[in-house]
1. State whether one or more residues within the stretch 21-32 are assigned to a loop (DSSP other than H, G, I, E, B) and farther than 19 Å from residue 90 by Cα.
2. Can you tell me which residue is farthest from residue 76 (Cα to Cα) among those in the stretch 17-32 that are in contact with a strand residue (DSSP E or B) (Cβ under 7 Å, 6 or more places away or on another chain) and surrounded by fewer than 16 Cβ atoms within 10 Å (Cβ to Cβ)?
3. Residues being modelled with pLDDT of 95 or more and either closer than 14 Å to residue 90 by Cβ or out of contact with any strand residue (DSSP E or B) (no Cβ under 8 Å at 6 or more places or on another chain) (or both): count how many of those fall in the stretch 33-46.
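The values are calculated or read from the model by the stated rules, or taken from the named source; none is laboratory data. Predicted, not measured: the structure shown is a model, and the values here were computed from it. Quick reminder, even Gly has a Cβ in these numbers, built from the backbone with ideal geometry, and neighbours come from all protein chains shown.
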């Protein structure tokens, strides 16, 4: 599972997105700064193997959290919860037809 130490510190997100893979589940974490409010984390998960830009948006789930240490922990907990709630959805193992 993903840990808060793996998702890097807040300064990283001011310059880049963070992407990863957990047993067939792809994820992306980015910082967004809307004009009408403060910065937030925006996290996405979807079944692999495709990268974010090529994945079907209908297969994605997303969430936002405040851009803070607490928000970073919330993102990690949400990503782990997405995988734990439905690991078969993200399985990258191909079924063999007999």
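1. no
2. The extreme case among them is 32.
3. The qualifying residues number 3.
The rows are residues; the columns are (1) assigned to a helix (DSSP H, G or I); (2) surrounded by fewer than 16 Cβ atoms within 10 Å (Cβ to Cβ).
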{"site": "43", "(1), (2)": "no, no"}
{"site": "49", "(1), (2)": "no, yes"}
{"site": "63", "(1), (2)": "no, no"}
{"site": "73", "(1), (2)": "yes, yes"}
